[in-house]
Every structure is written in C-alpha cells, then in structure tokens.
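Engineer: Pasting a structure below so you can have a look.
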Amino acid sequence: MSYVFNKEIECMPIEEKKVLQGKRLRDVVERVYNTVAPYRAKMDEIGLKPEDINSIDDIVKLPFTTKTDLRANYPFGMFSAPMDDIVRIHASSGTTGKLTVVGLTQRDLDDWSEACARGFAACGVTKQSIIHIAYGYGLFTGGLGAHYGGEFMGATVVPASSGNTNRQIMLMKDFKADTLCCTPSYAVYLADELRKMGLTPQDLSLKQGFFGAEPWTEEMRKKIEEGLGLKAYDIYGLSEITGPGVATECEYQCGPHVQDDLFYPEIIDPVTLQPVKEGEEGELVFTTLNKQGIPLIRYRTRDLCSLIYEPCKCGRTSLRLARITGRSDDMLIIRGVNVFPSQIESVLIKDKRISPYYHITIDRINNLDIMQIDVELDRGVAFDEVQEIEILKKKLTADIASAIGVTAKVNLVSAGSIKRSEGKAVYVTDNRKI
Ligand code: DLL
C-alpha cells in the first residue's frame with residue numbers, strides 16, 4: 001500500500017468515526033466559545049452552550065459562519081490561537097476589496113499536509129515521486145498546500161508555480177516528473193502547448209495529476225488524460241477550511257473523499273438553511289474539527305454539490321463529494337483566481353468619468369480564461385483626444401488587475417449602450433463551457 005495511508009482513520013468504521021467527530025466537535029465548539037468573541041456572541045444569542053454539543057448530530061444546533069463574518073472581523077478577529085502560535089497566513093478574495101484571511105498553527109499545517117498527502121498517496125504518489133506544482137504560490141493556498149503535502153510524504157517537490165508554459169514543459173520533461181498539480185484549465189492548456197512544441201505525452205513521465213481550484217467536468221478529465229498521458233484526479237479545497245486536500249479522489253476517480261476526521265461536511269438548502277435529504281444537492285458546509293488557528297463552525301462554502309454515501313471500492317469510509325455544479329453566490333473563478341463582480345464595481349465607482357453600468361464577459365480561448373469588461377462612460381463625459389481614452393482604459397485595467405489579481409480587457413463604451421435589465425441586474429455573461 002501507499003506511503004501515507006492512515007488506515008486507522010481513513011477506513012475507520014462509520015460509527016466509530018462519528019464518535020471521533022462528535023468528540024472533536026465538542027472540543028472545537030468549547031474552544032471557539034472561549035476564545036473567539038464573534039462565536040460566543042452568536043451562541044449566546046441563541047442560548048447555546050458548548051455543553052449542548054454531545055455528538056456529531058448536534059452540529060445542526062450550531063449557527064452558520066459566512067465570508068461576511070470573516071470580513072467583519074478582518075483581519076484576525078476570528079482567530080482562536082494567539083498570534084504567537086500562528087505560523088502562516090493565507091488569504092483569498094472577499095466580496096469587496098477585503099480579503100478573507102486565515103491563520104494556521106504548526107499543528108494546522110501538519111494536518112493540512114497530511115490531508116493533502118493522504119489524497120496523493122491514495123492515487124499512487126510515493127516517496128519516489130517527483131511532483132511538479134504549477135499552482136500559484138503566495139497567499140493562494142494551491143502552491144504551498146500541494147507543496148507541503150508532497151514534502152510531508154517525502155516525495156520530491158518542484159515548486160514551479162504558475163506561468164511560462166514552455167519552461168514548465170521543459171522542467172517536467174527534464175526532471176521526469178510523474179505527478180502534476182495545477183488547475184484543470186491550465187492542464188488542458190499545457191497539453192495543447194505540448195503538442196505545439198512537437199512533443200507527445202510519451203516525452204513526459206507523468207502518471208497522475210491533481211486538478212482543482214475551479215470547476216471542471218468529465219469531458220475535461222478525458223482531454224487532460226489523453227493530452228498529458230496521465231490519470232487525472234479531482235482535488236477540492238478552500239482556504240477558509242484549509243487549502244487543497246480537504247477532499248481528494250482515490251484511484252477509482254469516483255468523487256473526492258472528504259478527510260472527514262478533520263473537516264465535517266454537510267449539505268444544506270441555501271434558502272431554508274435546513275439540511276437536505278441524504279444524496280440531494282445543495283450548498284456544501286464545512287466544520288473544521290481539529291483546527292487551532294481559525295476553527296470555523298458550519299462555514300457556508302457557497303459551492304453547490306451533493307455528498308456520495310455509497311461505500312468506495314478503495315475501502316475508505318469517508319463521504320465523497322459529487323462534482324461542484326455551481327455556486328450560490330456570484331463568485332467567478334478566472335484562471336483559478338476567485339473574483340467577485342463587486343470587487344470590480346468598487347474600482348469603477350471611484351472614477352467619476354464612468355457610469356454605474358458595466359458588463360463582464362468571460363470566454364475560454366485556447367483553454368485560457370479571458371475576461372472582458374465593458375464599462376460605460378458617464379453621460380456628458382467627452383474626450384477630446386483618443387489618447388485620453390487610452391489613458392483611462394490603461395488606468396482602469398491596472399486598477400482592476402490590482403484589485404482582483406487578474407488582468408481583464410477593459411472596453412469603454414458610450415453612455416446608454418449597456419443593456420439595462422428590468423429584473424435582477426445581469427453583470428456577467430460566462431461563455432465557458434464547463
Ligand atoms: O482554490 C484551494 C485549492 C487549490 C483547491 C488547489 C484545489 C486545488 P480558494 O482560492 O479559497 O481555494 O477557492 C476555493 O474554489 O469554494 C470552489 O468554489 C473552488 N474549487 C476548489 N477546488 C475545486 C474543485 C482553493 N476541485 C473555491 N472543483 C471553492 C470545483 C473547486 N471547484
């Protein structure tokens with residue numbers, strides 16, 4: 001069997017796991033009640049005490065946590081551990097300019113690394129493997145998460161980060177990487193570039209790849225597997241809970257196994273907030289069962305999916321995620337980066353020469369996400385020279401790139417030309433076929 005196989009945990013009989021989850025839930029609730037003021041306030045408001053939580057089934061008594069809570073307590077107000085014990089900070093986009101910030105203790109990093117490594121190992125990665133990581137490094141959890149997961153299992157990690165595709169291919173070829181980690185859309189792009197360079201999958205040594213950070217499909221899986229000559233596995237995660245590795249597929253490719261001794265999943269109806277029936281689709285909610293830095297109780301991910309309860313052929317007893325089918329908010333994922341239209345809006349409203357009307361169009365061209373933003377000039381704003389328009393365009397492009405971390409093509413259009421909506425405003429046309 002593989003190198004990092006925590007059989008005792010991963011194959012634990014369900015009833016036994018429920019006892020472990022219940023115990024951990026009680027501990028984490030007690031911890032946040034005593035150390036995180038916003039949690040204490042929320043629980044006091046509904047008259048709930050940590051003693052009321054005695055089993056994992058009591059989880060439904062607990063209030064939800066949202067991105068808004070994290071933003072309201074920006075940057076460190078939801079941390080449970082003292083700053084002295086925080087060894088790493090990560091962050092992802094919030095709905096406005098503010099980032100969603102998380103802090104991890106050493107134990108949190110160890111748990112995250114093990115979670116990621118368990119997923120890698122379940123798909124054949126070993127201590128002898130060479131893992132090429134083309135997720136971005138930085139505040140985004142993709143690069144460093146996969147990196148520490150690989151190192152945890154003693155594999156050789158190549159921290160290539162994102163960009164410079166020809167160099168990525170050269171490195172994979174020369175170092176004989178057998179494992180690739182990147183977004184699924186970048187994997188399709190890499191396959192295309194490989195072909196354009198006159199190379200075939202046989203020129204590489206890839207055996208498996210872990211693709212996530214954005215939604216993808218079975219058709220993309222096929223394309224990636226054929227184009228790169230590997231087995232493509234789905235890896236899911238979010239920075240609030242921990243990064244990649246919250247759930248990862250096993251060799252049977254039948255939905256990511258949730259590391260549910262660490263992260264407890266629920267599916268709720270996003271409108272009524274009630275749990276749905278077993279196997280039904282709804283919004284995915286996670287509770288961190290062992291985290292110290294920023295434990296989150298019933299965190300609403302906004303991802304829409306269902307849980308798979310059928311036992312897996314691999315023998316692991318954890319619940320699995322079905323494909324993420326969408327979101328219950330308006331977050332877009334462009335080249336793996338989370339983008340909220342409201343972030344763009346907050347840049348645009350700062351410039352008096354622009355009206356409040358804009359439209360975002362997203363396409364996938366040559367397997368790369370391209371975002372165009374049509375921005376309406378304010379009525380009465382006249383430009384004497386083309387040059388002035390170009391300067392404004394450049395300024396908006398730079399301001400938007402700095403706000404969202406993605407460069408968009410900004411197009412200035414005349415006043416009144418963007419279609420007014422009669423109902424709910426439609427700001428986005430997403431032409432990607434995902
Ligand atoms: O995307 C962490 C990650 C990195 C996961 C690398 C997998 C691989 P965030 O930037 O916080 O963290 O974005 C989290 O990305 O709520 C989903 O909407 C989406 N997402 C992540 N993985 C998948 C996946 C990372 N496998 C948000 N399928 C999540 C579909 C995914 N969507």
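The numbers here are math on the coordinates, done by the rules we state, and not lab data. If you're wondering where the values come from, they're calculated on a predicted model, not measured in any experiment. All Cβ positions, glycine included, derive from the backbone under ideal geometry; neighbour counts span all protein chains shown.
Engineer: How much length, in nm to one decimal, is gained on full extension between Asp374 and Asp329, taken as 0.36 nm per residue of separation minus their Cα-Cα distance?
Structural biologist: Working: separation 45, 0.36 × 45 = 16.20 nm, distance 2.17 nm.
Here the segment from Asp374 to Asp329 would lengthen by 14.0 nm.
Engineer: Indicate the gyration tensor shape class of the range 188-345 (rounded, prolate or oblate), computed on the Cα atoms with a ≥ b ≥ c the square roots of the eigenvalues: a/c under 1.5 is rounded; otherwise a/b larger than b/c is prolate and the rest oblate.
Structural biologist: The shape class here is prolate.
Engineer: Let me ask you something else. Please list the radius of gyration and Dmax for the range 349-434, considering alpha-carbon atoms only, with Å as the unit.
Structural biologist: 13.7, 43
Engineer: Given labels modelled 7 Å from the Cα in the Cβ direction, how far is it in nm from Thr217 to Asp363?
Structural biologist: Roughly 1.8 nm, to one decimal.
Engineer: Whole-Hz ³J(HN,Hα) for each residue in the range 361-375, computed from phi via Karplus 6.51 cos²θ - 1.76 cosθ + 1.60 with θ = phi - 60°, x for glycine and proline: what do you get?
Structural biologist: Along the range 361-375, the couplings run 10, 10, 10, 10, 10, 6, 6, 10, 6, 10, 10, 10, 10, 8, 10 Hz.
Engineer: Quote to one decimal, in nm, the extra length available between Lys277 and Val386 on full extension: 0.36 nm per residue of separation minus the C-alpha distance between them. Intermediate results must be reported in sequence, preceding the final value.
Structural biologist: Values: separation 109, 0.36 × 109 = 39.24 nm, distance 5.92 nm.
So the chain would gain 33.3 nm between Lys277 and Val386.
Engineer: Further question: Give me Rg/Rg_expected for the range 153-202, where Rg uses Cα atoms only and Rg_expected = 2.2 N^0.38 Å with N residues. Before the final figure, lay out each step's value.
Structural biologist: On the way: Rg = 10.9 Å, N = 50, 2.2 N^0.38 = 9.7 Å.
For the range 153-202, the normalised Cα radius of gyration is 1.12.
Engineer: How big, in percent, is the set of alpha carbon pairs in the range 283-434 lying more than 24 Å apart?
Structural biologist: 49
Engineer: Using Cβ counts within 10 Å as a stand-in for footprinting exposure, how do Asp192, Asp234 rank, fewest first? Display every interim value, and only then the final one.
Structural biologist: Numbers: Asp192 16, Asp234 23.
Fewest to most other Cβ atoms nearby, the residues stand as Asp192, Asp234.
Engineer: Still on this structure, I have one more. Please report, ordered by residue number, every helix of the chain (full DSSP H runs) that is 20 Å or longer along its axis going by C-alpha atoms and whose mean Kyte-Doolittle hydropathy reaches -0.5.
Structural biologist: Values: long enough: 14-35 (31 Å, -0.90); 106-122 (24 Å, -0.72); 386-404 (27 Å, 0.42).
Passing helices, by number: 386-404.
Engineer: Summing -39500 (n - 2.57) over the DSSP H runs of n ≥ 4 in the chain and dividing by its residue number, what mean residue ellipticity at 222 nm do you reach, to the nearest 500 deg cm²/dmol? It would help to have the intermediate numbers written out before the result.
Structural biologist: Working: 11 runs with 132 residues, N = 434.
Helix-only estimate at 222 nm: -9500 deg cm²/dmol.
Engineer: Still on this structure: Just subtract the alpha-carbon distance of Val413 and Lys23 from 0.36 nm times their residue separation and send over the number in nm, one decimal.
Structural biologist: Numbers: separation 390, 0.36 × 390 = 140.40 nm, distance 5.86 nm.
Length gained, Val413 through Lys23: 134.5 nm.
Engineer: I would also like to ask the following. Counting only DSSP beta bridges with both residues in the chain, what percent are antiparallel, rounded to the nearest 5?
Structural biologist: 65
Engineer: List, in the order given, every pair from Lys173/Lys313; Lys352/Lys394; Lys173/Lys231 whose Cα-Cα distance in the structure shown is over 25 Å. Please report the intermediate quantities before stating the final value.
Structural biologist: On the way: Lys173/Lys313 33 Å; Lys352/Lys394 16 Å; Lys173/Lys231 17 Å.
Violating the 25 Å Cα-Cα cut-off are Lys173/Lys313.
Engineer: If N is the number of residues in the range 64-202, what value comes out of its Cα radius of gyration divided by 2.2 N^0.38 Å?
Structural biologist: Numbers: Rg = 17.5 Å, N = 139, 2.2 N^0.38 = 14.3 Å.
It is 1.22.
Engineer: Further question on the same structure: For the range 332-430, what is the percent of antiparallel DSSP beta bridges, rounded to the nearest 5? Provide the component values of the computation, followed by the final result.
Structural biologist: Details: 12 of 20 bridges.
Among the beta bridges of the range 332-430, antiparallel pairing accounts for roughly 60 percent.
Engineer: Normalised by the residues of the chain, what does the relative contact order come to in percent, with Cα pairs under 8 Å and at least six apart?
Structural biologist: Details: 886 pairs, mean separation 60.3, N = 434.
Value for the chain: 14 percent.
Engineer: Let me ask something additional. Considering only C-alpha atoms, what is the centroid distance from the range 1-30 to the range 163-199, in Å?
Structural biologist: Here the two parts' Cα centres lie 37 Å apart.
Engineer: Using a 7 Å offset from the Cα along the Cα-to-Cβ direction at both Lys98 and Asp52, what is the distance between the two label points in nm, to one decimal?
Structural biologist: With each label point 7 Å from Cα toward Cβ, the separation is 2.7 nm.
Engineer: Still on this structure, please answer the following. Amide H to amide H, which residues 5 or more places from Glu376 or on other chains are under 5 Å from it, using H placed in the peptide plane?
Structural biologist: Ser355, Tyr357, Val413
Engineer: Using a 10 Å cut-off on Cβ atoms, rank the peptides 337-349, 110-122 from the highest mean neighbour count down. Display every interim value, and only then the final one.
Structural biologist: Details: 337-349: 19.0, 110-122: 25.2.
With the highest mean Cβ count within 10 Å placed first, the list reads 110-122, 337-349.
Engineer: Now, a different point. What are the extents of the Cα atoms of the chain along their three principal axes, in Å, largest first?
Structural biologist: 73, 61, 43
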